[in-house]
Amino acid sequence: MTGFDVHDHRHELKQLRDSGRTSLWENREGMACPVCDDAFSRLFVTRQAGTTFPENDGARFCLLRDGDAAYLFRH
């Protein structure tokens, strides 16, 4: 598994939200998750120490920690 940088994949992602400390992205190109290699639908990025997630619909998530950020991939 290698690192992940949103800016390296900006052309494949559409930014939906950005608070400065967190951001939400849509995968427009069917890009593979760097954790499991399956395509993901959304990417959540946080630089906060802790984040609360609302109840989900049972979808699978993959988490990648890289440098100063954590990446959450929703499948």
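Surface exposure of the chain, expressed per residue as accessible area with a 1.4 Å probe, stands at 66 Å². On the protein heavy atoms, probe 1.4 angstrom, tell me the percent of accessible surface of the chain carried by carbon and sulfur. Ligands and nucleic acids excluded, carbon and sulfur give 45 percent.
Between Ala59 and Ser19, the simple label model (points 7 Å from Cα in the Cβ direction) yields a spacing of 1.9 nm. Note on exposure: Val35, Val45 ranked by accessible area (1.4 Å probe, complete protein assembly) read Val35, Val45, with the most exposed listed first. Each principal axis of the chain carries a Cα extent, and these read 28, 27, 24 Å when sorted largest first. Remark: the chain carries a charge dipole of roughly 240 debye about the Cα centre, counting +1 on each Lys and Arg Cβ and -1 on each Asp and Glu Cβ.
The values are calculated or read from the model by the stated rules, or taken from the named source; none is laboratory data. Since the structure is predicted, the reported quantities are computational estimates derived from the model, not experimental observations. Note that each Cβ is placed from the backbone with ideal geometry, even for glycine, and that neighbours are counted across all protein chains shown. Ligands, DNA and RNA are stripped out before the accessible areas are found, and what is left, the full protein with its side chains, is counted by its heavy atoms. Shrake-Rupley method; radii C 1.70, N 1.55, O 1.52, S 1.80 Å.
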